[in-house]
1. Between 0 and 90 degrees, rounded to the nearest ten: what's the tilt of helix 65-92 against the longest Cα principal axis of the chain?
2. So what are the ³J(HN,Hα) numbers for the stretch 9-20, from phi and the Karplus equation (6.51, -1.76, 1.60; θ = phi - 60°), rounded to whole Hz, Gly and Pro as x?
3. Over the chain, what number does the Rg to Rh ratio reach, with both radii from the alpha-carbon atoms and Rh per Kirkwood?
4. Could you tally the net charge around residue 63, taking each other residue with its Cβ under 15 Å from the Cβ of residue 63, Lys/Arg +1 and Asp/Glu -1?
5. Please sort 140-149, 70-79 by packing, taking for each peptide the average over its residues of neighbouring beta carbons within 10 angstrom, highest first.
6. For the chain, what is the calculated [θ] at 222 nm in deg cm²/dmol (nearest 500), taking -39500 (n - 2.57) for each run of four or more DSSP H residues and dividing by its residue count?
7. Given the stretch 89-179, report the % of alpha carbon pairs whose separation exceeds 22 Å.
8. Would you work out the Kirkwood radius for the stretch 1-45? I mean one over the mean of 1/r across all pairs of different Cα atoms, in Å.
Amino acid sequence: IILGSAHLPRAGATKAEVLAFFGEHDAVIGLTTSLATIVWVALAVFTAGIVAAVRGHERTSGDSWSLLAFGGAIMQNAIFTGVAALQGTLGIATLSGEVTWGLWQLHNALFTLNGAALAIVLIGGSVGGHRAGLLAGWQRTLGLVAASALFTSAALTPITLDGHPLGVVGLVGFVLWLAWIGSVSASLLRGVDRRDDANVTAEAVHA
């Protein structure tokens, strides 16, 4: 969101646009590169929360959907480390125009392919959360639709790197991903509240 507000070039941008952006926004890029480390920790904690909430049910049912989601989060963090590192390099290092252009194309490829990792998080979290009773049916559907869009975008990477209109599929998937994270976070917090209430009730009965 920060880079978007600073008008980060999109796939299909000209070489001149890319060079101009990275030559003028080193401070913003430095900020987002630093913030990325916090995001990686937050995503790991978020998916660990899903595991904690549904793993008891999965041990009984024999499922491992939540572990799939956690594995997808680790995969996403690993891929996005490359994205953030490339952004930081492009914004800070003094590079030739050709090197900058080549790294920019690599950045775009990693950024788009990263959608497959997010799709894994969405599939594992949505199916596992719903089967365990954590998520409602609409949340599962939202997650699976977002996963479909992001995986399709990742599969179309060779086509969309040059700015093909099909790149909008990835944007739609990303917006749905944000909506899914918000709704699942709310469900996780409600689950904690219910568990706390149950503990209080149990203590009162015991007393």
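The values are calculated or read from the model by the stated rules, or taken from the named source; none is laboratory data. Being a predicted model, the structure only gives us computed values, none of them experimental. Every residue, glycine among them, receives a Cβ derived from its backbone with ideal geometry; neighbour counts consider all protein chains shown. We work out accessible area using only protein heavy atoms, side chains counted, and drop any ligands, DNA or RNA first. Shrake-Rupley method; radii C 1.70, N 1.55, O 1.52, S 1.80 Å.
1. Roughly 30 degrees between the two axes.
2. Residue by residue, the stretch 9-20 yields x, 9, 4, x, 5, 6, 4, 5, 5, 5, 4, 5 Hz.
3. On the way: Rg = 20.0 Å, Rh = 18.6 Å.
The Rg/Rh ratio comes out at 1.08.
4. Numbers: positive: 55, 59, 131, 140; negative: 58.
Neighbourhood net charge equals +3.
5. Values: 140-149: 21.1, 70-79: 19.2.
Highest mean packing first, the order is 140-149, 70-79.
6. Working: 8 runs with 175 residues, N = 207.
So the helix-based figure for the chain works out to -29500 deg cm²/dmol.
7. Numbers: 1619 of 4095 pairs.
Everything past 22 Å amounts to 40 percent.
8. Values: mean 1/r = 0.0855 Å⁻¹.
After inverting the pairwise mean of 1/r, the radius is 11.7 Å.
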